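S.K.: So that we are looking at the same thing, I have put the structure below in structure tokens.
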Amino acid sequence: MLNTGLRLNETRLLKWSDVSLEDGELRLRSETTKNGKADVLPLSPDMVEILQDWRRQTPSLEEDGPVVKVTSRLLRCFNDDLEAAGIKKCDAAKRTVDLHALRHTYAQRLNAAGTDPKTMQALLRHSSPVLTLGVYIHKDKSRMREAVAALPQLRPTTNSPETGEALRTGTDDAPVVSDEGIPPRFRQEKSVG
């Protein structure tokens, strides 16, 4: 779920016959998806390796058998893992950490990897990017800082006396740009005299 974005019921109903390790894909049957539409999702290379290893270690797995047996024991293990990691089941904002939260984490990981919104929407199989971006992508102060830090600089990149003089006299060969509409604190200092 963490590495595919599958919902709990989609995970529960996924059969080995739905998995193509050669093509690195999951085939979702219409009767197993929330929207009732069949789809094909790519698997990451490491997920293909994990599934290949699992198949090799368990040769008795049937082609029509489940890839993952989702039982109440899985939920107990998940809750035990949360407790062992010191993660509270519900945070101060009343958000609950449950198996569906893995889908949110999948979306966050896609976003952190620089995936464009349309691709995230398709991978999560949402009907609207509003759902993907409004519900599954959460603001992150460190990403906000990185985004602002990546903006082009407003000041020259070097502080040499020649650069400063060229800018003051207009001999820097840069196109003339009006500072109209730029707040005074960001305008280029003009030389007096």
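The values are calculated or read from the model by the stated rules, or taken from the named source; none is laboratory data. The structure presented is a predicted model; accordingly, all values stated were derived computationally and were not measured. Note: ideal-geometry Cβ built from the backbone for every residue, glycine included; neighbour counts use all protein chains shown. Ligands, DNA and RNA are excluded from the accessible area calculation, which covers all protein heavy atoms including side chains. Shrake-Rupley method; radii C 1.70, N 1.55, O 1.52, S 1.80 Å.
S.K.: Restricting to helices (runs of 4 or more DSSP H) lying wholly in the stretch 45-122: which have 3 or more residues that are in contact (Cβ under 8 Å) with a residue 40 or more places away in the chain and surrounded by 13 or more Cβ atoms within 10 Å (Cβ to Cβ)?
M.R.: Details: elements: 45-57, 72-84, 101-112.
Correct list: 101-112.
S.K.: Does GLU31 meet the test of being at pLDDT 95 or above, of a type outside the set (A, V, I, L, M, F, W, C) and under 23 Å from the mean Cα position of the chain (by Cα)? Let's see the steps before the verdict.
M.R.: On the way: at pLDDT 95 or above: yes; of a type outside the set (A, V, I, L, M, F, W, C): yes; under 23 Å from the mean Cα position of the chain (by Cα): no.
No.
S.K.: Next up: For the stretch 2-44, name all the residues that are touching a Lys or Arg at 6+ places or on another chain (Cβ under 9 Å), part of a helix (DSSP H, G or I) and either open to solvent by less than 20 Å² (accessible area, probe 1.4 Å) or farther than 20 Å from GLN121 by Cα (or both).
M.R.: GLU10, ARG12, LEU13, TRP16, SER17, ASP18, THR32 - these are the residues of the stretch 2-44 that are touching a Lys or Arg at 6+ places or on another chain (Cβ under 9 Å), part of a helix (DSSP H, G or I) and either open to solvent by less than 20 Å² (accessible area, probe 1.4 Å) or farther than 20 Å from GLN121 by Cα (or both).
S.K.: While we're here: Give me the residue from the stretch 123-141 that is in a loop (DSSP other than H, G, I, E, B) and open to solvent by less than 70 Å² (accessible area, probe 1.4 Å) and, out of that set, farthest from ARG7 (Cα to Cα). Steps first, answer last, please.
M.R.: At the first step, the residues of the stretch 123-141 found to be in a loop (DSSP other than H, G, I, E, B) are 125-128, 137-140.
Adding the requirement that they be open to solvent by less than 70 Å² (accessible area, probe 1.4 Å) leaves 125-126, 128, 137-138, 140.
Values: ARG125: 10, HIS126: 12, SER128: 17, ILE137: 16, HIS138: 19, ASP140: 24 Å.
Per the criteria, the residue is ASP140.
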